[in-house]
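Taken together, the values in this text are just the output of simple stated rules run on the coordinates, not laboratory data. What you are looking at is a predicted structure, and each value in this text was computed from that prediction instead of being measured. We place every Cβ from the backbone using ideal geometry, glycine too, and count neighbours over all the protein chains shown.
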Amino acid sequence: MWLSSTPTASHLPRPHFHKCFFPFWIPVPTITFDTTPINIKKKSSKAQLPPLPTASSLHSPTAMEPHPQKPRGEGETESCADSYESAESFPSLEGVEQILGYSFTNKRLLEEAYTHASCQKNQFSYERLEFMGDSVLSLLITKEQFFLYPDLQPGRLTRLRSANVDKEKLARVALKHGLHRFLRHKKPKIEQQIYEFAEAIKEYPLHSNGQIEVPKVLADVVESTIGAVFVDCNCSVDTVWKVFKGLLEPMIVPETLKVHPVTELNERCQKRGLKLEFKDSWQRRGDIDFYIEDYFAGRGEYPLRKDIALNRAAKAALNNIDRILKNVENPTLMMKLRSRWRKVLKFVYG
């Protein structure tokens, strides 16, 4: 079988071409020049196109080099303002220093702490500083509570610490002091999420215990700020605590610590030996129902997240549990209600 000098698509497999692949059989147009003498000082009225690349030039080591960029100083990285937007489009981060009462030695740390991943393309974001700040904050709260409450048992201390470092608590801190206003991002929905959160917390002055949606970005920016201060002050935990102790107020203390709704409901039913069941209709209707001794106790609705619907249902059941207990503790009334319920079922289903 004879092959033509110019291969066709049917002669070749389908490899995954690298972006610099340039098949040798694609002819490179030959450019001819007019030999008529011209005045070299005269500018052409038409724009001159660059010559087409050849196969050898595309395979050269410099073919895939990026375009020249402005040289940076040692230790500098490309900022979000350099890559996508002008610096004037973002609020000055000096406002963050005023809120903290702390002046950064390394301003790049502050910029990194307020740069969301959506604002960078393969460049820095606040995620590493968030990781650092999460660990530092947990250590600081543990240390503070250990010496502040010497008689508190470890289980109670753990719950108290969790309540003071969880996502909702930190999101409230960011919102209260306006730290979210300095966040550099390219996600419009973040603003809507923050607005909805600000409206939702009006019903829960201190903490909702998992009954509202919390924008993770608000908690992240607090943790990344803690991480940035920690690195900037040569890892001094005392300095970090001086900066953030006042910002974290009001702290949740043993007197204001509330048990999670689902946990509290389970504990109260187990203590009295009551049967607790729930009906999961979240996939179909976005709600969950709780039943205590076959009595409807409460319903929670939230189509976006099942855990929030469950927490709301548990809270509704707790609000009604005293009324249900009166019926359960009155055997005569309970027997009458059950008898009436059987008659209704028999009438409906035969």
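See the values below:
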item: Modelled FRET efficiency - R0 41 Å, residue 151 with residue 203, Cβ distances, 0.05 increments; result: 0.75
item: Residue 277/residue 186 FRET efficiency (R0 45 Å; Cβ-Cβ; nearest 0.05); result: 0.45
item: Mean Cβ neighbour count within 10 Å, used as a protection proxy, ranking 160-169, 99-108 highest first; result: 160-169, 99-108
item: Prolate/oblate/rounded call for the stretch 188-340, Cα gyration tensor, a/c under 1.5 rounded; result: prolate
item: Estimated inter-spin distance, residue 347 and residue 92, nm [label 7 Å along Cα→Cβ]; result: 7.6 nm
item: Sequence ranges 149-159, 292-302, 135-145, ranked by mean other-Cβ count within 10 angstrom, highest first; result: 292-302, 135-145, 149-159
item: Gyration tensor (alpha-carbon) shape descriptor, the stretch 85-244, a/c threshold 1.5; result: oblate
item: Shape category assigned to the stretch 130-194 from the gyration tensor of Cα positions, a/c cut at 1.5; result: prolate
